[in-house]
Amino acid sequence: MKKITWALVAAGVTCVLAAGFAQASTKEEVQKRGVFKCGVSTGLPGFSIADEKGAWAGIDVDVCKAIAAATLGDATKIKYVPLNAKERFTALQSGEIDALVRGTTWTLTRDSSLGLNFTGVNYYDGQGFMVSKKLGVKSALELNGAAICIQSGTTSELNLADYFKENNMEYKAVVFDTHDATAAAFDNGRCDVLTSDQSQLYGLRTHLKNPEGAIVLPEVISKEPLGPVVRQGDDAWFNIVKWSLNAMIEAEELGITQANVDEMKANSKSPSVQRLLGLEGIAGKGLGLNDDWAYQIIKQVGNYGEIFERNVGADSPLKISRGLNALWSKGGIMYAPPAR
Ligand SMILES: N[C@@H](CCC(=O)N[C@@H](CS)C(=O)NCC(=O)O)C(=O)O
């Protein structure tokens, strides 16, 4: 018995060590492979969803593309790995994916005890409730005793418990593993309420059999800063993923768009623009990338404002306003450290 236990421990240690070495060079691995493996959702409108032809789109997908553009010079060199909430962290820990960009909330526990690091925030969200109009409620505080559809392995599950406890209310959780199953259950009347990140509720409502039959309640019960995640212990890769997003935010602030990036590169006299586009300063040296890494992101994917509007904002069916996700200089909290 003891012998077996020791053998298992030894095997465990070997695995940990092997994983540790593999982690030390995700950038090299991605470049050698020529493909970046990005963990996304199983299908979440506006964030990561595949069309009939298998082409992925969304604000998370565009972050995947930015990372591929920076690292490989080609935003199309990506293998998308769809993951539900429960699978996502194991997939990253085990090396099945190189980064996770999947509507994932940055929390203390996830950032510290899972061996993972959050690299920033690409969408500031908060948890909300969608209810069937039949219930006749106007506030979440009227939901005592409700049956609530929810996805397992999410912060939504934890916040829901806190909110009901704090307000001395009870509920019956109806739990599912995927977004589709959760949404279908609400649509089929298996629960009176669906709770998730608020960004999802409006999109989801448009897909119901009868969108008019549901409303989104005004309460936002949590902070859900959603961002890309990498494994701990690989600082070079952590920096690349972090700055791939920062470059898009900085580009928006500098007024560099997908359409004008070539013109800006040729003619702009702004030192900040020249630095971000790799003509001046540290360029790609600090990240170990080509000097045009940020240029490639903007040229192939766009700036942050562009990816927001295209996927979840005015130019999308979701029509979400910028709100917290506006630049810090425009009343929001989107802020990138200086690219210098
Ligand atoms: N942001 C929360 C919730 C994330 C989450 O999984 N939300 C559901 C919304 S219903 C989802 O994205 N499902 C898509 C899927 O499982 O593929 C978290 O990080 O725990």
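At-a-glance table
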| read-out | value |
| --- | --- |
| Computed [θ] at 222 nm, deg cm²/dmol, the chain (DSSP H ≥ 4; -39,500 (n - 2.57); rounded to nearest 500) | -11500 deg cm²/dmol |
| Carbon + sulfur, % of accessible area of region 194-340 - ligands and nucleic acids excluded, 1.4 Å | 53 |
| Residues Met169 and Asp291, FRET efficiency given R0 of 45 Å [Cβ-Cβ distance, rounded to 0.05] | 0.20 |
| Under Karplus coefficients 6.51, -1.76 and 1.60, residue-wise ³J(HN,Hα) of region 82-93 in Hz, glycine/proline x | x, 9, 7, 4, 6, 7, 4, 6, 4, 4, 6, 4 |
| Around Glu306: net Lys/Arg minus Asp/Glu count, Cβ-Cβ under 11 Å | -3 |
| Rounded FRET efficiency, nearest 0.05, which uses the C-beta distance separating Asn188 from Asn267 and R0 of 56 Å | 0.45 |
| Per residue solvent-accessible surface (Å²) - the chain, probe of 1.4 Å | 46 |
| Neighbourhood charge, 15 Å Cβ-Cβ cut-off, centred on Thr107 and excluding it, Lys, Arg +1 and Asp, Glu -1 | -2 |
| Computed lengthening from Lys77 to Glu142, 0.36 nm per intervening residue step minus Cα-Cα distance | 18.5 nm |
| Antiparallel %, DSSP beta bridges [both residues in the chain], to 5 | 55 |
| Cα-only Debye scattering, the chain: base-10 log of I(q)/I(0) at q = 0.07, 0.10, 0.13 Å⁻¹ | -0.32, -0.63, -0.99 |
| Extension gain, Thr107 back to Ser94 (0.36 nm per residue minus Cα-Cα distance, nm) | 2.7 nm |
| Candidates Thr182, Thr206, Thr42: whichever shows maximal mean-square fluctuation once the chain is modelled as a Gaussian network with Cα springs under 10 Å | Thr206 |
| Under the span-like rule (Cα at least 24 Å along the axis, Kyte-Doolittle mean at least -0.5), DSSP H helices of the chain | 2-23, 235-254 |
| Label-point separation, Glu280 to Ala259 (7 Å along Cα→Cβ), nm | 2.6 |
| Bridge type composition, region 78-229 - antiparallel percent by DSSP, nearest 5 | 65 |
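The values are calculated or read from the model by the stated rules, or taken from the named source; none is laboratory data. What you are looking at is a predicted structure, and each value in this text was computed from that prediction instead of being measured. Backbone-built Cβ (ideal geometry, glycine too); neighbour counts: all protein chains shown. We work out accessible area using only protein heavy atoms, side chains counted, and drop any ligands, DNA or RNA first. Shrake-Rupley method; radii C 1.70, N 1.55, O 1.52, S 1.80 Å.
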